[in-house]
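Colleague: Take this structure, written in structure tokens, and hold onto it; I'll ask about it next.
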Amino acid sequence: MRDQRQTGAVEGTIVRRGDDGYEALRTAMVWNGRKPDRFPELIVRAASERDVPAAVRLARSLGLRIAVRSAGHSWCGSPVRSDSMLLDLSALRRYAIDPGAATAHVQPAVTGRALAPALAEAGLAFPVAHCGTVAVGGYLLGGGLGWNSGALGPACHSVEEIEAVTAGGETVRCNERENADLFWAARGAGPGFFAAVTGFRLRLHPAPGAITTTTYAFPLADVEAVCQWATEISHELEPTVELALTLATAAPFMTDAAPRPKVVTVAATAFAADLEHAADALRPLGHCPFADGAVHHREPRETSFADLYETADGLWPPRLRYAADTLWSDAELAALLSRLGDAMREAPSERSLVLAPFAPASHDGDLLRDMAFSVLGETYAVPCAVWDDTSGDEANIRWLRDAMASVEPLGTGHYIAEADLTADPARAERSFRANDWERLQSLRARHDPDGLFHGYLTP
């Protein structure tokens, strides 16, 4: 509904709580089938970047705080806040690629599924999110642990500049020379960033000439041995090989058993110059000492970003209900996953899983310099509760919290983009190095002294 009251210069759609269509729009603001019990007073759907400063001025005039949404992929629905304005940027989907300069200008709602093939046509690439429907806005603000980020660094490392609207309604350019403190915060602050980003300039990388994948799946009972083997081979792999473990119920194509067993899957994806180099990069995985015990094995085969996205998106259909959390740790992965393996055996939903990528972001100091994003451990795990309907809410959320409690003593922090911020008031602070957290609070006080933009979600 178009609301003519106090709309100022906003050209997009404005819907107030109580208007026809409000509830359908509110629930559409979160991709997760589990919708938060929070109710914005106003939802502003920007028609263009011109609407953003107008929306900021409108919020201030109405005494409403602002939460910003790009595509609604936050597990816990951070953009949906009560007594606030939800500023929806999902219509800002334009992008322009400059092959000669190896840069791209993208608006916040551009998705990896749209960007990756367009870049590939130009012989270029970017560490886009693993799920194709994730938009760059929230992904880049949170750091961005995506495809090939072990070699390229977190995606925010490849952000050269942003355009943002401040709490004062001013549109500013931020890079290493202009508004450098806002630029520092924008690369990793996540849902606590204190401005609305309307555009990013990305530094692009040469496209891989070939992408090749291989997988093994073993009984979950073998999780410790599999972790030890995967850890050993991880040291032999090039940074351009993305290695990850998953604890889950076996996929239908893996076994005819009923019920399907729980398995630990080892998956490796090589981003290489050509198929020959890709085969060489995956060669260490061809010598598994207990391959005969595998429930399933797929030999290395060529794939594409489109195929990777089809597989990833199939794991996360929007109709389902999700809760997830993250943990950085300095413990060996076997120690983490042996405990989480015990949790998986008790999962009330066969859809639930645990993701554990090796080195999801390089520890290279050059790739982590001058940004708020913090790599807080040597190992990393993401337990995800996935279920079908509201009747399973209590059991599945309790399972996730119990699974996290089993490994929290081994933890060193969380990844702000995917942490369960509703679990613990300290989750946000524990997602940053202490000095980075202090700097973020200082910058927020300077750039948004009235707290116009919402900070981190809390329980």
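Colleague: State log₁₀ I(q)/I(0) for segment 239-369 at q = 0.09, 0.19 Å⁻¹ as given by the Debye formula over alpha-carbon point scatterers of equal weight, solvent excluded.
Modeller: -0.32, -1.47
Colleague: Also, quick follow-up: So how far, in whole Å, is the C-alpha centre of segment 244-284 from the one of segment 93-155?
Modeller: Segment 244-284 and segment 93-155 have Cα centres separated by 24 Å.
Colleague: Using the beta-carbon distance between GLU121 and GLU236 and R0 = 30 Å, what value does 1/(1 + (r/R0)^6) give for FRET efficiency, to the nearest 0.05?
Modeller: After rounding to 0.05, the efficiency reads 0.35.
Colleague: Report Rg/Rh for segment 95-207, rounded to two decimals, where Rg is the Cα radius of gyration and Rh the Kirkwood radius.
Modeller: Working: Rg = 13.1 Å, Rh = 13.8 Å.
Radius of gyration over Kirkwood radius for segment 95-207 works out to 0.95.
Colleague: Right, something else. Can you tell me the Rg and Dmax of segment 127-175, counting just the alpha carbons, in angstroms?
Modeller: 12.5, 38
Colleague: Just to be sure I understand the curve: with the Debye formula and one point per C-alpha of segment 210-431, what is log10 I(q)/I(0) at q = 0.09, 0.11, 0.14 Å⁻¹?
Modeller: Evaluating at q = 0.09, 0.11, 0.14 Å⁻¹ gives log10 I(q)/I(0) of -0.37, -0.56, -0.92.
Colleague: What is the Cα convex hull volume of the chain when expressed per residue in Å³? If you can, show how the numbers build up before the last one.
Modeller: Working: hull volume 61.4 nm³, N = 459.
Cα-based convex hull of the chain, divided per residue, equals 134 Å³.
Colleague: Going by alpha carbons, how many degrees (0 to 90, nearest 10) lie between the helix axis of 434-447 and the longest principal axis of the chain?
Modeller: For helix 434-447, the angle is close to 20 degrees.
Colleague: I would also like to ask the following. Counting just the Cα atoms, what span does segment 292-346 cover along each of its three principal axes? Round to the nearest Å and put the largest first.
Modeller: Result for segment 292-346: principal-axis Cα extents of 37, 34, 24 Å.
Colleague: Same structure, new question: Given PRO108, MET371, ALA251, which one lies farthest toward the positive end of the charge dipole of the chain, if we put +1 on the Cβ of every Lys and Arg and -1 on the Cβ of every Asp and Glu?
Modeller: PRO108
Colleague: Take the Cα atoms of segment 13-88, find their three principal axes, and give me the spread along each one in whole Å, biggest first.
Modeller: Largest to smallest, the principal-axis extents are 31, 24, 20 Å.
Colleague: Express the Stokes-Einstein translational diffusion coefficient of segment 322-403 in µm² s⁻¹, to the nearest whole number, given a Kirkwood radius over alpha-carbon pairs, 20 °C and a viscosity of 1.002 mPa s.
Modeller: Working: Rh = 14.0 Å.
Taking Rh from Cα pairs, D becomes 153 µm²/s.
Colleague: Moving on to the next point. Which FRET efficiency value, to the nearest 0.05, do you get for GLU23 and ARG94 by plugging their Cβ-Cβ distance into 1/(1 + (r/R0)^6) with R0 = 45 Å?
Modeller: On the way: r = 30 Å, r/R0 = 0.66.
E(calc), rounded to 0.05, equals 0.90.
Colleague: Taking loop as defined by DSSP and a crowding limit of 15 other beta carbons within 10 Å, which GluC sites (Glu not before Pro) in segment 358-459 fit? Write down the numbers at each step before the final one.
Modeller: On the way: sites: GLU378, GLU394, GLU418, GLU429, GLU438; in loops: GLU378, GLU418.
Of the GluC sites (Glu not before Pro), the ones in loops of segment 358-459 whose Cβ has at most 15 other Cβ atoms within 10 Å are GLU378.
Colleague: Note the angle between two axes, namely the Cα long axis of helix 51-62 and the longest principal axis of the Cα atoms of the chain, as a number of degrees from 0 to 90, rounded to the nearest 10.
Modeller: Rounded to the nearest ten degrees, it is 60.
Colleague: Quick one: Cα centre-to-centre distance for segment 379-440 and segment 175-191, in angstrom?
Modeller: 25 Å
Colleague: Here's another thing I want to ask about it. Can you work out ³J(HN,Hα) from phi for every residue in segment 107-115, in order, using Karplus 6.51 cos²θ - 1.76 cosθ + 1.60 and θ = phi - 60°, giving whole Hz and x for Gly and Pro?
Modeller: 8, x, 8, 5, 9, x, 5, 7, 6
Colleague: Taking Rh as the Kirkwood radius computed over C-alpha pairs, what is the Stokes-Einstein D of segment 1-159 at 20 °C in a medium of viscosity 1.002 mPa s, expressed in µm² per second?
Modeller: 129 µm²/s
Colleague: Suppose R0 equals 25 Å. What FRET efficiency, 1/(1 + (r/R0)^6) with r the Cβ-Cβ distance, do GLU176 and ALA47 give to the nearest 0.05?
Modeller: Values: r = 31 Å, r/R0 = 1.26.
The formula returns an efficiency of 0.20 here.
Colleague: Further, regarding this structure: Which loop trypsin sites (Lys or Arg not before Pro) in segment 337-425, with loop taken from DSSP, have no more than 11 other Cβ atoms within 10 angstrom of their Cβ? Spell out each step's value before the answer.
Modeller: Working: sites: ARG339, ARG345, ARG351, ARG369, ARG398, ARG401; in loops: ARG351, ARG369.
Those that pass, being in a loop and sparsely packed, are ARG369.
Throughout, read-outs are computed from the coordinates displayed, never taken from laboratory work. What you see is a predicted model, and the numbers here were worked out from it, not measured in a lab. Neighbour counts run over all protein chains shown; Cβ positions are idealised from the backbone, glycine included.
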